[in-house]
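Remarks on the structure that follows.
Computed from the coordinates by the stated procedures, all read-outs in this text should not be read as laboratory data. Owing to the predicted nature of the structure, the values given are computational and were not obtained by experimental measurement. Heads up, the Cβs are rebuilt from the backbone with ideal geometry, glycines too, and the neighbour counts pull from every protein chain shown.
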Amino acid sequence: MRAENIVNCPSCGATLVAGLRFCRMCGYRLGEGVEEFVPTQRLDPAAAPTAAQAPPATDPFRARQTWGNAPIQPFGANTTLGRAQPEGATSKLARACSRARGGWWLWLTIIVVLMVAGGMLPAAIRTRGGGGAAPAVVRSFLGVDGFDNAPGGGAFIEGIAGPETPIVRANLIGGDTIIKFDGKDVRGADDINRILRDTPVGKTVEVVYIRDGVTATTTLTTAAQNDTPGMRMFDRRQLGHGVLGVNVGDRVQVPNSNIFGVELDDVQTNRPADIAGLRENDIVIKFGDYLIRTPGDLRYRIAEAMPGSTIPVTVVRGTEQLEIQVKVGRSKD
């Protein structure tokens, strides 16, 4: 091959055949030289219009003598002809992310949004952010069905909410009226609820209460509600919770006394209570060793009783007080 038909790539130095537009080794563009371009024609408004002339054709074999004369220019730099090279994708991204333009904030925001939408950030990070929900406040819990306003003042306990609760450990029962809690006077249900909100979990306090007209004092240690099992623990037993087959009625006062009990509305036929001899309108005042003063307490003691066990139930029937042995049924077969 003749020497005039061979050129060297100005980028990698490879020997190439003249007339190629790109280097076959490195891909460098081999320019055709300045004669490939047509200089800009400045129009003179005063000059007469002339017919447009086509640019002369360029012989690539003649233009090979100018290859490699111009230096390699970076993206965006002006060429010898005064025109900027086309901007590549890399330059555009770098310019968009320039801190001076603030565009990097936009890209950062887009990336974070995509990560959150795709579940890539842990839920804990999202909830701890500015829009996350605040963690629930753990408050002191006594383990009662609720409080009501006592007729003479104080917070009336409506019943026991479950075993192993602070109220059970303090030997309080439904029907007791709390008149002082941790040295603070209690005039009603709102007072005791407010005091409990301000009492830390685990604090031991003194409680003054009234039961059957008698004032007494006990100590109680508050707990968190999640620390108590609740009534559901009775259903987890193999035979379930205890059953008597009665409909628990209202809290009523025992005739000719200052104590209260719970009246039975209905006694179902051939169920444990009926078989044992309990009757409708009987007033239950004691279940086993526990005093019964509210419907909530009677329901709790029945559910707590172990199926198959025999429990002495004390009732008032008319003017008589009877103790009836009842074999507790089961909720599961």
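Could you compute the net charge surrounding Val267? Neighbours are other residues with a C-beta less than 13 Å from the C-beta of Val267; K and R count +1, D and E count -1.
-3
So, counting K/R as plus one and D/E as minus one, what does the shell of residues with Cβ under 11 Å around Pro200 add up to?
Taking every Cβ under 11 Å from that of Pro200, the sum is +1.
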